Amino acid sequence: PRYRPDWASLDARLLPAWFDQAKVGVFVHWGVFSVPAWGSEWFWWHWQGEHRPDYERFVQRRYPPGTTYADFAPRFTAHDFQPREWARLFQRAGARYVVLTTKHHEGFTNWGSPVSWNWNSVDTGPHRDLVGELGEALRESNIRYGLYHSLLEWFNPLYLADKESGFKTQNFILKKTMPELYDLVLKYKPDLIWSDGDWEAPDSYWNSTSFLAWLYNDSPIKDTVVVNDRWCNNCSCRHGGYYNCADKYKPGTLPTHKWEMCSSLDKLSWGYRSNMNITELMDEASIIEELVQTVSFGGNYLLNVGPTKEGVIVPIFQERLLALGRWLDTNGEAIYGSKPWRVQMENTTDTVWYTSKGPVVYAIFLIWPQDSVLELSSPTPSPATQVSMLGFAGTLKWQKSPGEGLLITLPYMLPSPLPPQSGWAVKLEGVK
């Protein structure tokens, strides 16, 4: 059936299966904001949209008088950008898809957009097609490629004029936003379009429904492409493909619709900040915890890094991504391709979470129990029940607990002054 350009028809499209099976992705925020590398990727807006004194002082102290935001673009060099190294890192991190900012709200495009003259990565700055180069490297590594794209641009005169008209005119959409979206799709054939910058105007202004109808009906990626829910000022959590709802969204109960939680290694910013502090970064335990909770509730986990202006993913970010990858090497069976179980978490504690694959149930526990006995009250054992632990050979002893559920004797852990890694998964077969 052909999709009509209205939400009733578009929302009825089934999500391509690859997305729910993937579970883990990496988000990359990279652009001219990586040059000042201070505050956040909203640098230009805080500085010249809001005239925040701390941003004005920062520019006065570090740059010559009269500096404009456009002056940062030539310093966005990407000198050290090695797309194959990035792809290898993301693969080792266990990512099944990667989403790159092709254009943030600053309007600078990371490819040679024909409608962004001299404000793109081919005409200025790196003089490279960053979107294309990363895409090639990811596809060689068999990783799905997603493109983030902002519908609005803070300071684009065409956008400001449309806004002034109460969004009755559409010059910005017809001359900038839509040509770029069509160009990205036809040139790079992405697996995912991560829309953003939707919040100021209705879908009638953005032309979102007609774009999505073309995407689903006639585009070269109509059968495989996945999109999110940021297509108009009241679309979030309501319309589109899967739901993002809000940044760092945590539903608390099992949603009925496929969703994704995006989170950032740097808790204060999505873009790179040169002044970040170790205490402001997520540690391995909190990454694993967010991943496990998200997947138990049926979501995908999209973890963000901000590269430097040279194109380096700093070692502390690499270290965190590799820690996630090591954890997934052992426990990925309980994550990739899993489905939520009838119970998502142990009712007595939020440190035990469940996923399932067919009849197999996985219980992922985030804290090692004091006496090395894991008590699970939700699964009902049977005489045929078998328990094993991912990453550990052989089966584990278990017994019915006096109340509900079962008691599992975990393998002996050597005493250590350091807290053990976080998160282990037991595999339960023959339970209800």
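The values are calculated or read from the model by the stated rules, or taken from the named source; none is laboratory data. A quick note: this is a predicted structure, and the numbers were derived from the prediction, not measured. Every residue, glycine as well, gets a Cβ built from its backbone with ideal geometry; the counts of neighbours run over all protein chains shown. The accessibility values were calculated without ligands, DNA or RNA, using every heavy atom of the protein model including side chains. Shrake-Rupley method; radii C 1.70, N 1.55, O 1.52, S 1.80 Å.
Quick notes on this structure:
- Index of the failed condition, Val292 passing every other in (1) of a type in the set (A, V, I, L, M); (2) out of contact with any Phe, Trp or Tyr (no Cβ under 8 Å at 6 or more places or on another chain); (3) in a helix (DSSP H, G or I): (2)
- Looking only at residues of the stretch 379-404 that are modelled with pLDDT of 95 or more and in a loop (DSSP other than H, G, I, E, B), we find that the one that is surrounded by the fewest Cβ atoms within 10 Å (Cβ to Cβ) is Lys397.
- Looking only at residues in the stretch 215-250 that are free of Cβ contacts under 8 Å to residues at least 12 places away in the same chain and farther than 17 Å from Asp198 by Cα, the one that is nearest to the chain's Cα centre (by Cα) is Lys222.
- Taken as a whole, the stretch 358-367 holds at least one residue that is in contact (Cβ under 8 Å) with a residue 40 or more places away in the chain and farther than 19 Å from Trp424 by Cβ.
- Whichever residue in the stretch 295-330 is of a type in the set (A, V, I, L, M) and assigned to a strand (DSSP E or B) and, among such residues, is nearest to Leu15 (Cα to Cα): Leu302
- The single condition among (1) out of contact with any Asp or Glu (no Cβ under 6 Å at 6 or more places or on another chain); (2) in a loop (DSSP other than H, G, I, E, B); (3) more than 21 Å from Met282 (Cα to Cα) that Glu333 does not satisfy is (2).
- Being touching a residue at least 40 places away in the same chain (Cβ under 8 Å) and either open to solvent by 10 Å² or more (accessible area, probe 1.4 Å) or in a loop (DSSP other than H, G, I, E, B) (or both) is a property that Trp111 has.
- Restricting attention to the stretch 329-351, the residues that are open to solvent by less than 10 Å² (accessible area, probe 1.4 Å) and modelled with pLDDT of 95 or more total 5.
- Qualifying residue in the stretch 144-161 (condition: modelled with pLDDT of 95 or more, open to solvent by 10 Å² or more (accessible area, probe 1.4 Å) and within 21 Å of the chain's Cα centre (by Cα)): yes
- Across the stretch 41-58, the qualifying residues are those that are in contact (Cβ under 8 Å) with a residue 24 or more places away in the chain and in contact with a helix residue (DSSP H, G or I) (Cβ under 6 Å, 6 or more places away or on another chain), and the one among them that is most open to solvent (accessible area, probe 1.4 Å) is Trp44.
- Among the residues making up the stretch 354-373, a single one is over 17 Å from Gln21 (Cα atoms), in a strand (DSSP E or B) and open to solvent by 10 Å² or more (accessible area, probe 1.4 Å): Val373.
- Residue in the stretch 116-131 that is part of a helix (DSSP H, G or I) and not small (Gly, Ala, Ser) present: yes
- Just one of the listed residues (Arg88, Arg62, Arg84, Arg75) is open to solvent by 70 Å² or more (accessible area, probe 1.4 Å), closer than 17 Å to Lys309 by Cα and either outside the structural domain of Asp247 (by the TED database) or touching a residue at least 40 places away in the same chain (Cβ under 8 Å) (or both), namely Arg75.
- Sole exception among (1) touching a residue at least 12 places away in the same chain (Cβ under 8 Å); (2) open to solvent by 10 Å² or more (accessible area, probe 1.4 Å) for Arg326, by number: (1)
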